[in-house]
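Inspection log for the structure reproduced underneath, given as structure tokens.
Just so you know, all these numbers are worked out from the coordinates, no wet-lab data involved. These figures come from a predicted structure and were not determined experimentally. Glycine gets a Cβ as well: all are built from the backbone with ideal geometry, and neighbour counts include every protein chain shown.
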Amino acid sequence: MSQLTIYQDSYINATILSNRFIDEYMTDANDAQLKVYLYLVRMMSANLETSVSDIADRFNYTEKDVIRAFKYWKGKGILDLDTDAAGNLTAVHLKNLCKCESIGPSVEETHLPQSIVTPQTIVSSLGRQTVFEERNEETAKAVIPEKPSYSSQQIRDFKSSHTASESGIDIFYLAEEYRKKPLSPSDVSTIIYICDELGFNDELFDHLLQYCASRDKSDFRYIEKVAISWKEKGVTTPEEADNAPGRYDRKVYEIMRHLGKTGNAPTDREVSYITRWTGEYGFSDDIILEACGRTVMATDKNRFQYADRILKSWKDNGVGSLKDVEELDREFSSREKPKTGKTDSSAAGAKSTNNFNKFSQRTDYDMTELEKKLVKN
């Protein structure tokens with residue numbers, strides 16, 4: 001009898017992940033470390049090349065974040081990093097976990113069937129116990145623990161344990177960088193409260209600092225309030241924080257700052273202007289911020305309306321880059337030059353130095369009249 005050829009209808013496009021990775025290594029890894037490792041496995045399965053910059057761009061990390069993840073997994077013994085004579089990274093060697101020595105029991109060995117949900121006691125790193133009970137998702141609400149008073153020994157213990165953390169993030173250094181001054185004992189206590197009692201990991205705490213800094217808020221009382229708000233909303237990752245109710249995109253606050261509005265949260269009307277500029281007009285950040293800069297130099301009132309008129313004019317003139325804006329400025333300047341070649345001192349003195357007027361004016365509106373209307377509003 002002749003030999004049989006065995007084939008299947010379709011190829012399963014899948015990436016195989018070792019159960020040992022899930023059982024033994026996944027629990028302690030943070031979000032960035034997991035994403036980097038899984039992506040490496042995916043690329044290896046597809047026999048594709050990648051790079052540190054490619055991984056950083058794909059997951060919106062910095063290249064240092066990716067390198068820290070590499071070093072974390074190297075420390076765990078599940079990959080090696082190959083370098084050239086100059087010390088440059090050339091390859092990542094993923095080890096076969098089936099051949100590695102086990103560091104803990106498998107799920108099959110530890111899993112016990114459970115039919116009744118019981119309260120679970122969790123002990124924090126500082127020795128306090130908190131009881132959490134599973135409840136219906138619709139009625140569950142995060143219980144915010146009170147902020148305790150930390151002893152000097154507890155602060156030293158927390159710093160010591162955190163220094164040994166494998167995340168590679170020094171939260172105290174980050175906090176000082178955002179604050180631009182040394183941390184007070186009260187600041188340190190707030191950091192411990194947020195990380196230990198509210199359960200913020202290093203990545204989420206870093207994101208919290210960035211969020212507050214984007215709103216020109218560096219006071220730790222404000223930072224603590226935001227942290228509690230996120231805890232109440234069930235935020236556990238930077239992605240969840242970005243999508244939390246009431247949280248505007250960082251770009252909105254960047255534009256608000258450039259318009260000199262940093263005191264309060266943006267109103268719905270102000271956000272609608274920004275949405276129009278980025279969506280309907282399709283302008284990039286640099287063009288919008290250029291219009292904001294010209295607006296601030298021109299007026300103290302009705303800045304959103306003023307900036308919108310600038311951007312509307314640029315859209316009508318087909319502006320797509322700052323070079324186009326410069327070309328409009330030059331075009332308008334050439335139109336304003338006296339044809340006789342003589343200089344009229346009175347005209348020169350009356351001419352505005354406002355950059356807002358340095359682009360081609362449309363015939364369908366009068367900018368001088370517009371300014372008068374805006375001031376009256």
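Kindly state, to the nearest 0.05, the FRET efficiency for residue 16 paired with residue 93, given R0 = 22 Å and r defined as their beta-carbon distance. The formula returns an efficiency of 0.80 here.
Protection proxy ranking, highest mean first, for peptides 277-284, 144-151: 277-284, 144-151, where packing is the per-residue count of other beta-carbon atoms within 10 Å, averaged. When the charge dipole of the stretch 19-94 is built from unit charges on Cβ atoms (+1 for Lys and Arg, -1 for Asp and Glu) and taken about the Cα centre, the candidate among 45, 85, 33 whose Cα reaches farthest toward its positive end is 33. Return the FRET efficiency for the residue pair residue 62, residue 161: r is the Cβ-Cβ distance, R0 is 25 Å, and the value is rounded to the nearest 0.05. FRET efficiency, residue 62 to residue 161: 0.50. Annotation note: chymotrypsin sites (Phe, Trp or Tyr not before Pro) in the stretch 5-90 located in DSSP loop regions with a Cβ neighbour count of at most 11 within 10 Å are 7, 11. Put simply, the convex hull of the Cα atoms in the stretch 152-247 casts, on average, a shadow of 5.9 nm².
What distance in nm lies between label points placed 7 Å from Cα along the C-beta direction at residue 300 and residue 321? For the pair residue 300/residue 321, the computed spacing is 3.9 nm. For residue 144 and residue 28, what does the FRET efficiency come to when R0 = 25 Å and r is the distance between their Cβ atoms, rounded to the nearest 0.05? The pair residue 144/residue 28 has a calculated efficiency of 0.45. The distance between label points at residue 85 and residue 335 comes to 6.4 nm (points 7 Å beyond Cα on the Cα→Cβ vector).
Projecting label points 7 angstrom from Cα along Cα→Cβ for residue 254 and residue 45 puts them 3.5 nm apart. Restricting the calculation to Cα atoms, the stretch 19-94 shows an Rg/Rh of 0.94 when the hydrodynamic-style radius is the Kirkwood one.
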